[in-house]
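To start, the structure under review is shown below, and the notes come after it.
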Amino acid sequence: MEKYLNPSSLKQFVQLIDQSERIILTCHVHPDGDAIGSTLGLWHLLKSLGKQPAVVVPDVPPRSLRFLPDFNEIAVYTRHDPYCTRLVEESDLIICCDFNKPSRQDHLAPLIQGAKAPKILIDHHEGPDMDCILEFSYPKMSSTCELVFRIIAGSGFYCDLNRSGATCLLTGLITDTQNFTVNCNNPDVYEILTKLMEKGAEKGKIIEECVKACSYSSLRLKSYAICEKLEIFPEHRACLITLGKDELDKFQYEKGDTEGLVNEPLNIRGMIYSIFMREDPDCIKVSARSKNNFPVSKICENLFNGGGHLQASGGEFKGSLAECRSVLIEHLGDYDQYLPKRMPKLEIKTE
Ligand code: 5GP
Ligand code: MN
């Protein structure tokens, strides 16, 4: 396996772990498989090292991650503010996983930023902007979980990683690579997969639980969205799904129910990017995915106050769903310059 990490950073990591007892692991708002996998994976490692770790997350993780070992240990700030506050204030080290700037933690940001404990950043997003004493920022990595694995292996903690920790790390690897279909051309990813499976992580079970399993109403909501709400903009090789509150209510929407929906229209041959807009209580949540290195992150940055990865990004819009949709449609043409020079044929037949 290629050695990417700086030996002196790894040495500093080991020193910081050695000299700390109460260690907080934290991640971004709307935590996904990589955010929870990396924090809870490190939690398991630190437990086996005899530390007192705690995972503190900004808001409730999706139902699909409840199968993770010791998921119930996760402290959710929106649910248990005083408890989370005490944990953070009494901590002597904070490890920030899977986000690059304080605002990605939303209302949890002031508590984490105001804490006296030193911070370590472990992340794979471009342009880190955090005040940390140690930074592992590798945007080329498939996932933060891949990076955490490399840090564990490079720090000599590999033998302390147990089956539970390996399960968490493999979950992030699977979700951020969409089951090993994107960002996984580095053969090292498969070496890491093998090592995590040797530790006892069950790839099939993880995919079953956190990628495939859904509720009946979620399946119906996603089917409705594809059947009734998919708009195609052939000249831009783009497509859009919007779901308003009334539609979400009709299918008893619960957090996580639209997970994966944005990927579906990208399966149409010749489609380059897909956008999904959902009317949440406080904003319009935007999700975007693309192929052929189309920089969908630029759309999220420029139009929806967001960002993320080149081909998987998101953002938020303050205003109505109709306005959000109009903003996108108005600007689609601005991004034609990033479409591939030789365009694949778009295979659609519409009535
Ligand atoms: P998702 O579409 O699954 O919510 O997010 C995909 C990726 O986009 C995330 O892993 C994260 O990197 C990024 N992302 C999602 N929402 C936001 C946002 O509101 N702001 C920023 N900066 N990035 C986001
Ligand atoms: Mn990630």
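Yes/no matrix, rows are residues, columns are (1) touching a helix residue (DSSP H, G or I) at 6+ places or on another chain (Cβ under 7 Å); (2) closer than 22 Å to Trp43 by Cα:
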site	(1), (2)
Pro110	no, no
Gln113	yes, yes
Ile120	yes, yes
Gly127	no, no
Cys132	no, yes
Ile152	yes, yes
Ser155	yes, yes
Leu161	yes, yes
Ala213	yes, no
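The one condition from (1) among the hydroxyl-bearing types (Ser, Thr, Tyr); (2) free of Cβ contacts under 8 Å to residues at least 12 places away in the same chain; (3) buried (at least 16 other Cβ atoms within 10 Å of the Cβ) that Ser223 does not meet is (3). Would segment 144-152 turn up any residue that is within 13 Å of ligand 2 (Cβ to nearest atom) and open to solvent by 50 Å² or more (accessible area, probe 1.4 Å)? The answer is no; no qualifying residue exists. Just a yes or no: is a residue in segment 228-251 under 24 Å from Asn185 (Cα atoms), more than 16 Å from ligand 2 (Cβ to nearest atom) and in contact (Cβ under 8 Å) with a residue 12 or more places away in the chain? No, that holds for no residue.
The residues of segment 319-351 that are open to solvent by less than 50 Å² (accessible area, probe 1.4 Å) and hydrophobic (A, V, I, L, M, F, W, C), listed by number, are Leu321, Cys324, Val327, Leu328, Leu332, Leu339, Leu346. Between Ala312, Ala322, the distinction of being within 23 Å of Val211 (Cβ to Cβ) and of a type in the set (Gly, Ala, Ser) belongs to Ala312 only. Note on segment 239-277: among residues that are of a type in the set (A, V, I, L, M) and over 17 Å from Gly315 (Cα atoms), the one that is most open to solvent (accessible area, probe 1.4 Å) is Ile268.
I need the full set of residues from segment 282-310 which are closer than 22 Å to Ser103 by Cβ, in contact (Cβ under 8 Å) with a residue 24 or more places away in the chain, more than 8 Å from ligand 1 (Cβ to nearest atom) and out of contact with any Cys (no Cβ under 7 Å at 6 or more places or on another chain), in order please. Result: Cys283, Pro295, Lys298, Ile299, Asn302, Leu303. Of the residues making up segment 66-108, those that are over 19 Å from Arg22 (Cα atoms) and either surrounded by 23 or more Cβ atoms within 10 Å (Cβ to Cβ) or within 16 Å of ligand 1 (Cβ to nearest atom) (or both) are Leu68, Asp98, Phe99, Asn100, Lys101, Pro102, Ser103, Arg104, Gln105, Asp106, His107.
Yes/no matrix, rows are residues, columns are (1) hydrophobic (A, V, I, L, M, F, W, C); (2) more than 16 Å from ligand 2 (Cβ to nearest atom); (3) within 20 Å of Glu209 (Cβ to Cβ):
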site: Ser8; (1), (2), (3): no, yes, no
site: Gln12; (1), (2), (3): no, yes, no
site: Val57; (1), (2), (3): yes, no, yes
site: Leu93; (1), (2), (3): yes, yes, no
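Kindly indicate whether Asp32 is under 22 Å from Ser217 (Cα atoms), under 14 Å from the mean Cα position of the chain (by Cα) and among the charged types (D, E, K, R). Spelling it out, Asp32 is indeed under 22 Å from Ser217 (Cα atoms), under 14 Å from the mean Cα position of the chain (by Cα) and among the charged types (D, E, K, R).
Taking the criterion of being in a loop (DSSP other than H, G, I, E, B) and either within 16 Å of ligand 2 (Cβ to nearest atom) or among the small types (Gly, Ala, Ser) (or both), the residues of segment 316-343 that qualify are Gly319, Ser320. Does Asp131 meet the test of being over 11 Å from Thr26 (Cβ atoms), away from ligand 1 (no atom under 14 Å from the Cβ) and either of a type in the set (A, V, I, L, M, F, W, C) or open to solvent by 60 Å² or more (accessible area, probe 1.4 Å) (or both)? Spelling it out, Asp131 is indeed over 11 Å from Thr26 (Cβ atoms), away from ligand 1 (no atom under 14 Å from the Cβ) and either of a type in the set (A, V, I, L, M, F, W, C) or open to solvent by 60 Å² or more (accessible area, probe 1.4 Å) (or both). The condition of being in a strand (DSSP E or B) and within 16 Å of ligand 2 (Cβ to nearest atom) holds for only one of Ser297, Ser274, Ser287, that being Ser287.
Any residue at all in segment 201-215 that is under 29 Å from Asp249 (Cβ atoms), among the small types (Gly, Ala, Ser) and more than 17 Å from the chain's Cα centre (by Cα)? Within segment 201-215, one or more residues are under 29 Å from Asp249 (Cβ atoms), among the small types (Gly, Ala, Ser) and more than 17 Å from the chain's Cα centre (by Cα).
The values are calculated or read from the model by the stated rules, or taken from the named source; none is laboratory data. Given the structure is predicted, the values throughout are model-derived calculations rather than measurements. Quick reminder, even Gly has a Cβ in these numbers, built from the backbone with ideal geometry, and neighbours come from all protein chains shown. We work out accessible area using only protein heavy atoms, side chains counted, and drop any ligands, DNA or RNA first. Shrake-Rupley method; radii C 1.70, N 1.55, O 1.52, S 1.80 Å.
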